[in-house]
Amino acid sequence: MNGMLWLAWALLLALAISVTRNPFYLLLALLAVLSVRIAVDATRPLGRATPRVAVVVGLALIGWSMAVNVLLAHVGDRVITRLPPWPIIGGPLTFNALFYGALTGIALATLLLGVSLLHAVLDRHEVLRLVPGGYRVLATTLAIVLNALPTFAVAARDADEAIRFRGIAQYSPVSLRILINAVLARGMDYSLAVAETLEVRGFAALSRHRHRPRFGSLVFLGGGMLAISGSITGSEIVLALGLSGVAISLAEAALRAWPGVRALPWPRSARVTALVLGLVAISFVWSLRDPAADLAYSPYPTLHWPGFSPVAGAAYFLLAAPAFALRGGRA
C-alpha cells in the first residue's frame, strides 16, 4: 500500500466512527483497526513499530469517558444508584449514561489506534509527492513539520536518559522541568538551522509575491459554509449546493494531484485495496440514507437493542482491508 491509500483509509475510518454510536458497528471498526495493527506489527512495511502508547491512552479514554458521562448525564431508565444532591454530579447514575460513555470511549480509542498507525506505515516522501506543484510553500511546510517530529522525540529520549543517569526521580517536577527545557532548546536550535537554510535558498522571497486565491479553495470554503448552513437550517437545497461545491473543489484538487498519484507504486494488492475502499465509501453513503442501519443509535431515554444493517456492517468490517493487503502483497 502507498501513502495515498493509507490516508484514504484513515479518513474513511474517521468518518465512519464520527457518524455512529451503534455498538455493533463500533466493535466491527475496532476489530478492523486491531487486525490492521497486528498486520503492521508483523510485517513492518517501513521498519517502524506501531506506537504502544496509543493502546494505553485508548484504554484510559474508555475509562475516563465512562466515569465522566455516568457522573454528568443523569438521564435514562436503568438507574444504578442515586447520589446525594451534590452540585453537578448529584442525582441518579444510570446504565444508559455508563453505556453511552463506553461507546464514546471506544470510538475515541478506535480513532486514536487507527491514526497512530500512520506513524508506522506512512512514507513521508510519498505524501509530499501528492502535493500539487503550485503549493510549494505548503509542501515545504509539511516537510519541515514531518522532519521536526523525530527531532523532538530524540530530544525527549536523550533528556530521559540523562535524568535516569543522574538518579533524579522520574515524573517529578525537577525531571519534568529538565525534559521541557531540553525539548525547547533542541526545538529552537532546529528552527534556527531551518530558518537559515530557507533564507539561503531564497524561500523568503516567496512571501514578497502576492498570490491570488485559487478558485478551488474559494469553492471549498463557500461550499463548506453552505453545507454547514444547510445542515443547521434543515434546507436540503442549501445542503446539496454546499456538498456540490465541496465535491467540485475536491475533484479539482484531485486533478492537480493526479501526476503525484500516478507516480506512486500501485502493485496488485494496492489496486485491490483501492477498489475495496471505494466500495466501503459507497456503502457508507448508502447507509446514511438507510433507516435500518440505525447509525443514529442512542441509549437515551430508554436502553434498547440497536438495529443492524448487513451492508453497513460489511462496510465497517471491510475497513480491515489493509491487513489483507499487507499479508498478501508488497506494502
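The values are calculated or read from the model by the stated rules, or taken from the named source; none is laboratory data. Please read all numbers here as calculations on a predicted model, not as lab measurements. Reconstructed Cβ throughout: ideal geometry from the backbone, glycine too, with neighbour counts over all protein chains shown.
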| field | Residue satisfying all of: in segment 285-331; over 24 Å from residue 94 (Cα atoms), part of a loop (DSSP other than H, G, I, E, B) and among the hydrophobic types (A, V, I, L, M, F, W, C); modelled with the lowest pLDDT among these | value | 331
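Counting residues that are surrounded by 17 or more Cβ atoms within 10 Å (Cβ to Cβ) and out of contact with any helix residue (DSSP H, G or I) (no Cβ under 8 Å at 6 or more places or on another chain), which helices (runs of 4 or more DSSP H) fully inside segment 69-163 reach at least 3?
Numbers: elements: 95-116, 118-121, 124-129.
In segment 69-163, no matching helices (runs of 4 or more DSSP H) lie anywhere.
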| query | Which pairs do you get when a residue that is more than 9 Å from residue 299 (Cβ to Cβ), found in segment 73-84, comes within reach of a residue that is assigned to a loop (DSSP other than H, G, I, E, B), reach meaning Cβ atoms under 6 angstrom, with the pair 6+ apart or on two chains? | reply | 75/300; 77/302; 83/90; 84/90
| Total residues in segment 50-68, condition in contact (Cβ under 8 Å) with a residue 40 or more places away in the chain, in a loop (DSSP other than H, G, I, E, B) and either exposed (fewer than 13 other Cβ atoms within 10 Å of the Cβ) or of a type in the set (Ser, Thr, Tyr) (or both) | 1
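Within segment 223-245, can you find the residues that are at pLDDT below 75, in contact with a Gly (Cβ under 6 Å, 6 or more places away or on another chain) and not aliphatic (A, V, I, L, M)? Spell out how you get there, then give the answer.
Taking segment 223-245 and keeping what is at pLDDT below 75, we get 230-236, 239.
If we keep only those that are in contact with a Gly (Cβ under 6 Å, 6 or more places away or on another chain) too, we end up with 230, 239.
Within segment 223-245, 230 is the sole residue that qualifies.
Of everything in segment 4-35, what is outside any helix (DSSP H, G or I) and either of a type in the set (A, V, I, L, M, F, W, C) or surrounded by fewer than 23 Cβ atoms within 10 Å (Cβ to Cβ) (or both)? Give them in sequence order.
Of the residues in segment 4-35, the ones outside any helix (DSSP H, G or I) are 19-22.
Passing the criteria: 19, 21.
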| message | Within segment 247-275, take every residue that is surrounded by fewer than 18 Cβ atoms within 10 Å (Cβ to Cβ) and among the β-branched types (Val, Ile, Thr) and give me the one that is nearest to residue 36 (Cα to Cα). | response | 272
| request: Write out, first by first residue and then by second, each pair whose Cβ atoms fall under 9 Å of each other, whose residues are 6+ apart or on separate chains, and whose first residue, in segment 142-162, is more than 16 Å from residue 180 (Cβ to Cβ) and not assigned by TED's automatic domain parsing to the domain that holds residue 172 while the second is outside any helix (DSSP H, G or I) and of a type in the set (S, T, N, Q). | output: none
| task | Among the numbered conditions (1) at pLDDT 90 or above; (2) under 23 Å from residue 300 (Cα atoms), tell me where residue 88 comes up short. | result | (1)
